[in-house]
1. By how many nm would the segment from T16 to L163 grow when fully extended, if each residue of separation counts as 0.36 nm and the alpha-carbon distance is taken off?
2. If I take R0 = 22 Å and measure r between the Cβ atoms of L111 and N69 in this structure, what FRET efficiency does the formula 1/(1 + (r/R0)^6) give, to the nearest 0.05?
3. Note down the relative contact order for region 118-167 as a percent, whole number, built from C-alpha pairs under 8 angstrom at least six residues apart.
4. Compactness ratio of region 1-80: Cα Rg over 2.2 N^0.38 Å, N = residue count?
5. Starting from the Cα of N154, step 7 Å along the direction of its Cβ; do the same at N58; then give the gap between the two resulting points in nm.
6. Highest mean first, what order results for 48-58, 21-31, 140-150, 5-15 on Cβ atoms within 10 Å?
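Just so it is clear, none of the values below were taken in a lab; they were calculated from the coordinates. Given the structure is predicted, the values throughout are model-derived calculations rather than measurements. For neighbour counting, all protein chains shown are included, and Cβ atoms are generated from backbone atoms with ideal geometry for every residue, glycine included.
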Amino acid sequence: MDQTELKADFLRTYDTYANDIYRFCAVKVTNRELAQDLTQEVFMRFWQTVRDGEKLRNERAYLYTLARNLIIDWYRKKKESSLDVLTDQGIDFGNDDHKKIEESAQMREVLEVINQLDDDAREALLLRYVEGFTPKEIAAMSGETANAVSVRINRAIKKVQGLIQAT
């Protein structure tokens with residue numbers, strides 16, 4: 001495949017998946033700038049893979065795997081909490097819009113409960129309900145059966161419901 005075809009394939013893949021990968025990263029790290037950086041890094045690594053001539057069976061799964069691994073690496077390196085981080089996450093301390101504040105608080109509560117789940121359950125929920133993957137697609141990415149993924153999602157939902165009701 002020549003350079004022009006490689007670029008065209010890369011741009012097609014980027015146009016198709018960039019927003020999804022960004023959203024996946026943004027939900028996981030709750031920082032817009034970091035999510036943009038991670039998305040950029042995913043596609044830089046994807047370009048290197050394509051340029052090196054590696055054949056990919058499933059581009060979408062490969063991109064999500066890259067994103068997940070980069071996020072894991074980032075969490076291992078650091079996890080900071082500051083006023084700047086809260087502002088980046090969308091909390092506006094000068095805003096009087098009570099409905100927006102209440103919705104933000106509810107969303108934060110749900111995310112906090114989801115973050116209490118084990119890594120596999122949390123990732124399965126986010127891939128299913130934020131990214132819109134089917135259990136079969138999630139199974140292909142994780143190397144499990146679709147049934148195991150469905151069971152994990154159902155158990156995670158029940159746990160989230162229980163934790164929310166307990167608060």
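1. Values: separation 147, 0.36 × 147 = 52.92 nm, distance 3.59 nm.
Taking 0.36 nm per residue and subtracting the Cα distance, the gain is 49.3 nm.
2. Values: r = 21 Å, r/R0 = 0.97.
According to the calculation, E is roughly 0.55.
3. After rounding, I find 34 percent.
4. On the way: Rg = 13.1 Å, N = 80, 2.2 N^0.38 = 11.6 Å.
Scaled against compact globular proteins, the figure is 1.13.
5. Each label point is offset 7 Å from its Cα along the Cβ direction, giving 2.1 nm.
6. 21-31, 140-150, 5-15, 48-58
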